[in-house]
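These notes concern the structure reproduced below.
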Amino acid sequence: MDATDTTAPASRARWAVAAAFFINGFITGSWAPQIPLLLTRLEISEFVLGLLILVFGLGALTAMPFSGYLMTKRGSRPVVIGFAWIVVFALLLVVLSPNVWVAAVTMFIFGGSIGAMDVAMNANAVVVERKLSRAIMSSSHGFWSLGGFAGGGLGGIFILSFGHLPHAMFVTVAAAAMTAFALPHLIGEDKPVAHEHHHFRLPRLPTIYLVGIMALFSMIPEGAVLDWAALYLKQELGADIATAGFAFAAFSGIMALMRFLGDGVRNRFGAVTTLRVSALIAACGMLAAGLAPNPWVAIAAFAFCGLGVANMVPIAFSAAGNQPGVPSNIGMSVVTTMGYSGILVAPSGIGFVAGHVGFAPVFVTLSGFLVVVCLMAGLARHADFRAMPQTAPAE
């Protein structure tokens, strides 16, 4: 078999896994402009909406380990494809929910399918990296953000023009077409083997938990923008639904661009400097969003925040996987679990607080979290020692 024969399938698989990231991000981004409408359509309070978002997060955190278990039995390829087809229809199920109880069930399915696909597509990206003998993980995460940008940006305009149900139907058809066309080109592991069972012990080294706090404080703002930025623009800054959808779209679009450039920036300036500057940029953007006098200033501020947030989590994960005295897989599991609670669970608490004080003070407070990450940036020094183990799920 010549070189072309061996590289061509892997090259197609590289774009197939990029499509998986894009689909996952596209569905997630399309959910953002639907959030304010769910509030009014079901006639629920922000607190109840926060509980529904919590259910979404619990679904994801529950399904992530199950996805890992399935991959030990079947490999990553069928798990990506299987959960992708659930993701395709999940948003439509939420939009069709007639009451809050049905919405809770569909939100659990939505979050579970998104989270399970997330883990599996990251694992499959590692398979492609091995086939190509080059890194693709950072740009794959960029495709997730690009999908979020497309979903959030087009979603508000589509809803304003045609309504929330036609929007959900369009998203479903578009995602189904991409899934059917691209994902069959995924490649699987040569020989999936079930992992041996070992007793899991939490590490005693406190540094790994501090790195986990960095990941947590980096991901809480991302979850806040995803779940609450559109509502903030609509309720407190007077934006229409189309304009409100641009908040997450701008955040994701700039974040996507920076993720495509992130490896080069980090290689040039080092992990600590990159993380410190990124955290300051993100903090300034979040602060400006909370103090914004009108929707367009807030959108620009969220975009600036996305510029900083883009590479914070990958650096934290890299530091976790390279902590001296902590096995890589245990360090990664601790930090990713802490980090993902910030994007999946913390937004429900944000909704509860915002129901009492408003979203503007919340975003101002979140800028302080990012300043803390800046001050803790020295903990990322181990991220430069060797390549990051690519086993973490996407944000």
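The values are calculated or read from the model by the stated rules, or taken from the named source; none is laboratory data. From a predicted model like this one, the values you see are computed outputs, not experimental measurements. Positions of Cβ are generated from backbone atoms using ideal geometry, with glycine treated the same way; all protein chains shown enter the neighbour counts. In case anyone asks, the SASA skips ligands and DNA or RNA and just uses the protein heavy atoms, side chains included. Shrake-Rupley method; radii C 1.70, N 1.55, O 1.52, S 1.80 Å.
Per-structure values
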{"quantity": "Protein accessible area in region 237-283, 1.4 Å probe - carbon and sulfur %", "calculated": "64 percent"}
{"quantity": "Cβ crowding within 10 Å averaged over residues, with 218-226, 366-374 ranked highest first", "calculated": "218-226, 366-374"}
{"quantity": "Probe 1.4 Å, protein heavy atoms only - accessible area per residue of the chain in square angstrom", "calculated": "40 Å²"}
{"quantity": "Shape call, region 221-288: gyration tensor on alpha carbons, a/c limit 1.5", "calculated": "prolate"}
{"quantity": "Of the DSSP H helices in the chain, those whose Cα atoms cover at least 24 Å axially and whose Kyte score averages 0.5 or more", "calculated": "46-74, 76-95, 100-132, 137-162, 164-182, 206-235, 241-269, 271-290, 359-375"}
{"quantity": "Where labels lie 7 Å past Cα in the beta-carbon direction, separation of Ser11 and Arg381 in nm", "calculated": "4.4 nm"}
{"quantity": "Helix-only CD estimate at 222 nm, as mean residue ellipticity for the chain, using -39500 (n - 2.57) per DSSP H run (n ≥ 4)", "calculated": "-27500 deg cm²/dmol"}
{"quantity": "Cβ-placed point charges (K, R +1; D, E -1), dipole of the chain about Cα centre in debye, nearest 20", "calculated": "760 debye"}
{"quantity": "Cα-Cα P(r), region 241-365, percent of pairs per 10 Å interval", "calculated": "13, 35, 36, 14, 2, 0"}
{"quantity": "Selected from Leu216, Tyr232, Ala247, residue furthest toward positive end of dipole (region 203-265; charges at beta carbon)", "calculated": "Leu216"}
{"quantity": "Relative contact order (%) - the chain, alpha-carbon pairs under 8 angstrom, separation at least six", "calculated": "25 percent"}
{"quantity": "Accessible-area composition of region 36-190, carbon plus sulfur, in percent [1.4 Å probe]", "calculated": "74 percent"}
{"quantity": "For the chain, the Rg and Dmax computed from alpha carbons only, in angstrom", "calculated": "19.8, 66"}
